[in-house]
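A.B. asks: Sending over a structure as structure tokens; questions will come in a sec.
The values are calculated or read from the model by the stated rules, or taken from the named source; none is laboratory data. Predicted model, so just to flag it, every value in this text is computed and none were measured. In this analysis, Cβ positions are derived from the backbone assuming ideal geometry, glycine residues included, and neighbour counts consider all displayed protein chains. Just the protein is used for accessible areas: all its heavy atoms, side chains included, with ligands, DNA and RNA removed. Shrake-Rupley method; radii C 1.70, N 1.55, O 1.52, S 1.80 Å.
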Amino acid sequence: MANATEHAADKYYVPHESPWPIYGSLTLFVFMIGLCGWLNQWYGPWVFAIGVIMLIGLFVGWFAVVINEHQHGMYNMQVDKSFRMGMLWFIFSEVMFFAAFFGALFYARTLSVPWIGGEGVKIFNKLLLFQDFNATWPTNGPAALGPRDDGSFETIPAFGLPAINTAILLLSGVTITIAHHALKEGNRKILNIFLAATFLLGFLFVGLQAYEYVHAYTELGLTLATGIYGSTFFMLTGFHGVHVTLGAIMLLVIWFRTMKGHFTPQRHFGFEAVAWYWHFVDVVWLGLFVFVYWV
Amino acid sequence: MTRHARTALSATAFAILGSLAPLAAHAEWGNLNMPVGVTVLSKEIHALHMTMFWWCVAIGVFVFGWMIWSLVAFRKSQGAKPDTTMTHSTKAEIVWTVIPVVILVIMAIPAARTLIAIEDTRNTEISIKVTGYQWKWHYDYLGEDVKFFSSLARASDEARQLGSGVNPESVENYLRDVDNPLVVPEDTKVRVLLTAQDVIHAWWVPAFGMKKDAIPGNVNELWFKVEKGKTGLYRGQCAELCGRDHGFMPIVVKVVTKDEYRTWLAGQKAGESTPADASSEPAADSSPTIAALPAAPQG
Amino acid sequence: MANTATHDHAHDHHDHKPHGLKRWLYATNHKDIGTMYLVFACVMFFLGGAMALVIRAELFQPGLQFVDPGFYNSMTTMHALLMIFGAVMPAWTGLANWMVPMQVGAPDMALPRLNNFSFWLLPFAFTLLLLTLFVPGGAPAGGWTLYPPLSLQAGDSFPLTIFAIHLMGISSILGAINVVVTILNMRAPGMGLLNMPLFCWTWLITAYLLIAVMPVLAGAVTMLLTDYFFGTSFFAASGGGDPVMFQHIFWFFGHPEVYILILPAFGVVSEIIPTFSRKPLFGYESMVYATASIAFLSFIVWAHHMFTVGMPLAGQLFFMLSTMLIAVPTGVKVFNWCATMWKGSISFETPMLFAIAFLFLFTLGGFSGLMLAIVPADFQYHDSYFVVAHFHYVLVPGAVFAIMAGVYYWLPKWTGRMYNEKIGKLHFWLSTIGVNVLFFPQHFLGLAGMPRRIPDYSTQFADWNMVSSLGASLFGFSQLLFVYVIWSAVRSGEKAADRPWEGAHGLEWELPTPAPYHSWETPPTRSVISHGAMH
Ligand code: HEA
Ligand code: HEA
Ligand code: CUA
Ligand SMILES: [Cu+2]
């Protein structure tokens, strides 16, 4: 590993041909056609389940190769930099994915809901279509969609569980930073402890979020189908939750690796990638907390 | 002819063709250009279209001319020697940034003016609610309790079926005829309030210069005022893909004199000829005051 | 350990080429992957073109002769999806794969395995999409723009379409990341960003657009999916949503998407015109800035596709003005190309012919674009054949011609063999005449009032439709010549020199012909770089 850096920057690294990419494509194909067949009720979730298993195999297998190569010092600094840049641009693409949903939220709140209510040039919406609709936020629309008969629903106040969750995620941001510093200083013990704390906080967050969802579905009349509020609420927090779960699993993997003694103070792309990802998830949550729960 | 001369000649011929071709869009040459409409707005729009067109021709003559000149004058086959020192010129680049900006501003001014006129819905005299259905239109004269559906005329509908064996040329106004046209008076500012029942449609009558989407759960507005003396039939089509029979939901507007309109309206109210409105009419009810509604505030 | 490491270094096994099927399935070589992209794109072009021929056959005469209106709509939808996501975008990625490493002095792309993953997602994605032709309810028929509520009326094809788009999106994003990283991190020492060939620059900016907007498309179609299956109401007013919101999100992707299709074309043309004018590109830096400005502006003009949805006046004015502004940087490019030819020494080989046609016909398409930007006029043009004419001019003699120009231009370097110039020129002339006969009359049709996306029309539109359909077969069948000329070059073309074009610049021409399997096993030295740039 020490000799990783000995590979001069003027020598490029081109990996051998590999079965993983095409296996990965096939995996996603099975995964998605499984999902299609399931949604279309052509067959049960079985194909999809195979896809999921293949997906797990993909991550384990492909990452094992990369980790192995890394451990054998096959990556020079240039490769390391390529990986980092790749990861940053990937995170940027994720930001844009969330941007689409935030965009939908802002558009609905500031434009389309008031327009349905007849604001400005859209006065005829009120006069001709939705006489009884009052444009307020949160709303489940003129048809008052939702699980309850009277179409009512309640929202989750920001300063309950969501605030606690905010604290949890912020704290996890601190713990991973401490772990990172410990890694750079070669203090493996602190590294291991704080990394463990980070993913535990992550899973705690997911657990609380799940609790909140159950509460919303069973008691608040707030579901995916509760009009535009329910749609934006669950899609935003839901995709975020998926990302936290993935991030926490990645942290767990990294933790196993640090326990095995992987990473050096100078070279630890895997750790950094996950840390960046974690910070990204954290920032998205702050956006959610402010715009979905609070204001 | 040498090979090079041939190449150059054909390149030139092609280039000339390329720059002349837009000219063919001029009205004189038949069914090639946007027809001039029968409303004030459509005339303004037509003028705008022609202005833009001539600007493009002018710019085209310049850039295509430049290209052709280069291609002809600097042929290697004619012994042209490249001037490799010519790599940039800040002055030239400023010029060809600034001049287009100026041209664009000149183009934008009349466009903005027309647009503002289009959006000015004050003082409308008649309001008609138009609802798109898959695949027909519903017209509702607000405040008059006159409403009916308008669908593709029978003859066209039979002819247009796959393998009908009917020659479309033999059908009068093939695909452009309806059973019940919309009837409006000339010289009257008519407001059209557009919405849809199922998917998005768009109401387009080229002679009125107006097209607007009919969107479910949303009311859009447009207006037209047909000039005095321009009575007659005006045809249009649904202009937003709305499914299988999108191509088969035409619009026909019958413009009549104010008197004829009054008579027609009275006849309708008395339950004359036009087929009774289907009972599937959506909930929205036409309150008597609605025709006199104020213009929506300008956004 | 060091042994293992060096073992994987390319320079340890010169021209070690894997063999058989594995070479393609397990590929990590940028040239092999580039080839697969290009072949795939060609197949999709023919499939999409075959669908276009179905469209044009039905429109040959008024009356319904061949297909059901629903199937006709599927053809339009699939034609557009195949052409845009299956033909043009993969062709650009294929060209990037081939050329970017060669042009920046790298042995390969930065992330070779990811590269292969990006490619192999595509055949699977399009399998999903093409499967829709065989499911109950038929292929998607709501137009490539997938506007709800219409797109939500689809049958079993619905999730297949959505997930196919997801896969295409993942493929594009990963491919784009690879290009960005290769360009930013793998340039030979001494090659500054402003020394890069314009093709690399335009692709860098394209990649940025891709990474920024493909996820937005993914978000939009995901919302469609949940509206369809899980009761959300993003696009239904009954629940407080809005069908128009989809259009905003879609076009936030969709407009930058059209520049994704054209910016690399600007790059290719910026390579070819200087070569055959035997003169450096005029205004290199302003070309870079113009490309960046176009990309920036492309993010704030999206609603020019939706002038008829009933936006507030201020919105319409804003989107009109911002759209018009794009003519300025585009004009800078056109003028720079003209100035490059000015005082040059021009010869007319096939790549140059295609580049010249691009210059004329793209500009023509740009003019009609500018007319579309004028809101009141667009009230007439919108959803008419005038729009169809506009975008085919920028896409076919624009993007597709540039791709063909690039293939003719670089083919000798790739294969070591020259194509047959005579057949190349024949292909050019047939294509250029064909494409104009095909699309020019559509301007007239649109102005005369023919809406787009209709399988049948009234008799007043008959003449020009017939002409257009004839042009379509001329143009379409001429493309068989393209396949032939490439095929015969690869099989039995004359040997090509290292620098087959007298005036060619750039690092790719410093490599031997055909280019070695691993492009630059050791980075080119500064003197090689400057030789490549100056020559
Ligand atoms: C490669 C793809 C491509 C490119 C490059 C463009 C370029 C442009 N497009 Fe186009 N467009 C499409 C692909 C493309 N478009 C597609 C696919 C659609 C339809 C989508 C659908 O609905 O299915 C569409 C639709 C479309 C519309 C919507 C029409 C409608 O549906 O009603 C509009 C409206 O503004 C528009 C405008 C423009 C403009 C202003 C440019 C500008 O970039 C053009 C700029 C270029 C020039 C102007 C020429 C060169 C400049 C000079 C020589 C300088 C001097 C000039 C002046 C000062 C004027 N386009
Ligand atoms: C890059 C994109 C691209 C390209 C290259 C093309 C290429 C062509 N397009 Fe495309 N088109 C679009 C993008 C593109 N189009 C889009 C975005 C739409 C809008 C869709 C919508 O409304 O949703 C559209 C819509 C569209 C319409 C309007 C349909 C309608 O509104 O009802 C028409 C009609 O003429 C048309 C025709 C053609 C033709 C004739 C070609 C030709 O250039 C094709 C030529 C190529 C070939 C013909 C291939 C050669 C085939 C053979 C030789 C046959 C042999 C076949 C096999 C061996 C399999 N297209
Ligand atoms: Cu109604 Cu198209
Ligand atoms: Cu656009």
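A.B. asks: Excluding residue A:109 itself, calculate the net charge of residues whose Cβ lies under 14 Å from the Cβ of residue A:109, where each Lys or Arg counts +1 and each Asp or Glu counts -1.
C.D. replies: -2
A.B. asks: I'm checking a number: the convex hull volume of the Cα atoms of region C:436-498, normalised per residue, in Å³. What is it?
C.D. replies: 123
A.B. asks: Can you tell me the relative contact order of chain A? Whole percent, Cα pairs under 8 Å, sequence separation 6 or more.
C.D. replies: It comes to 18 percent, rounded to a whole number.
A.B. asks: Follow-up. In Å², nearest 100, what accessible area do chains C and A bury in total when the solvent probe is 1.4 Å?
C.D. replies: Summed over both sides, the interface buries about 6700 Å².
A.B. asks: Let me confirm one metric for peptide C:127-140, namely the mean number of other chain beta-carbon atoms within 10 Å of its residues' beta-carbons.
C.D. replies: Mean inter-chain Cβ contacts per residue within 10 Å come to 1.
A.B. asks: Specify the inter-centroid distance of region B:187-225 and region C:52-111, based on alpha-carbon positions, in whole Å.
C.D. replies: 34
A.B. asks: Summing -39500 (n - 2.57) over the DSSP H runs of n ≥ 4 in chain A and dividing by its residue number, what mean residue ellipticity at 222 nm do you reach, to the nearest 500 deg cm²/dmol? All intermediate terms of the calculation are to be shown ahead of the outcome.
C.D. replies: Working: 8 runs with 187 residues, N = 295.
Theoretical 222 nm ellipticity from helices: -22500 deg cm²/dmol.
A.B. asks: With contacts defined as alpha carbon pairs under 8 Å and 6 or more residues apart, what's the relative contact order of region C:19-532 in percent?
C.D. replies: 18
A.B. asks: Calculated from DSSP H runs of 4 or more alone, at -39500 (n - 2.57) each and per residue, what is the 222 nm mean residue ellipticity of chain C, nearest 500?
C.D. replies: So the calculated ellipticity at 222 nm is -22500 deg cm²/dmol.
A.B. asks: Greater than 30 Å separation of Cα atoms is the criterion. Which listed pairs, B:81/C:31; B:129/B:258; C:31/C:343; C:343/C:495; C:333/C:425; A:122/B:43, meet it?
C.D. replies: Details: B:81/C:31 36 Å; B:129/B:258 20 Å; C:31/C:343 36 Å; C:343/C:495 32 Å; C:333/C:425 26 Å; A:122/B:43 27 Å.
Checking Cα-Cα distances, B:81/C:31; C:31/C:343; C:343/C:495 exceed 30 Å.
A.B. asks: Relative to the longest principal axis of chain C, what angle (0 to 90°, nearest 10) does the C-alpha long axis of helix C:198-229 take?
C.D. replies: That helix lies at roughly 40 degrees to the long axis.
A.B. asks: Could you work out the relative contact order of region B:126-272? I mean the mean sequence separation of Cα pairs under 8 Å and 6+ apart, divided by the number of residues, in percent. Don't skip to the answer; put the middle values down first.
C.D. replies: On the way: 352 pairs, mean separation 39.1, N = 147.
After rounding, I find 27 percent.
A.B. asks: Grab the other residues whose beta carbon is less than 15 angstrom from that of residue C:56, score K and R as +1, D and E as -1, and report the net.
C.D. replies: -1
A.B. asks: Helix C:421-448 against the longest principal axis of chain C: what's the angle in degrees, Cα atoms only, rounded to the nearest 10?
C.D. replies: 20
A.B. asks: Next up: How far, in degrees from 0 to 90, does helix C:243-277 lean away from the longest principal axis of the Cα atoms of chain C, to the nearest 10?
C.D. replies: The helix C:243-277 is inclined about 40 degrees to chain C.
A.B. asks: Please work out the Cα center distance from region C:257-315 to region B:107-166, rounded to the nearest Å.
C.D. replies: For region C:257-315 versus region B:107-166, the Cα centre distance is 37 Å.
A.B. asks: To continue, here is another question. Expressed as a whole number of Å, what is the distance separating the alpha-carbon centroids of region C:20-40 and region C:205-237?
C.D. replies: Each part reduced to its Cα centre gives a spacing of 31 Å.
A.B. asks: Please state, rounded to one decimal and in Å, the Kirkwood hydrodynamic radius that the protein assembly as shown gives when every pair of distinct Cα atoms enters the mean of 1/r. Please report the intermediate quantities before stating the final value.
C.D. replies: Working: mean 1/r = 0.0318 Å⁻¹.
It works out to 31.4 Å.
A.B. asks: Could you sort the peptides C:504-516, A:250-262 by per-residue average Cβ neighbour count (10 Å cutoff), highest mean leading? All intermediate terms of the calculation are to be shown ahead of the outcome.
C.D. replies: Numbers: C:504-516: 20.2, A:250-262: 17.5.
Put in order of decreasing packing, that is C:504-516, A:250-262.
A.B. asks: Something else about it: Under a straight-distance cross-link criterion of Cα-Cα below 28 Å, which lysines are reachable from residue A:189, leaving out those fewer than 8 residues away in the same chain?
C.D. replies: List returned: A:81, A:260.
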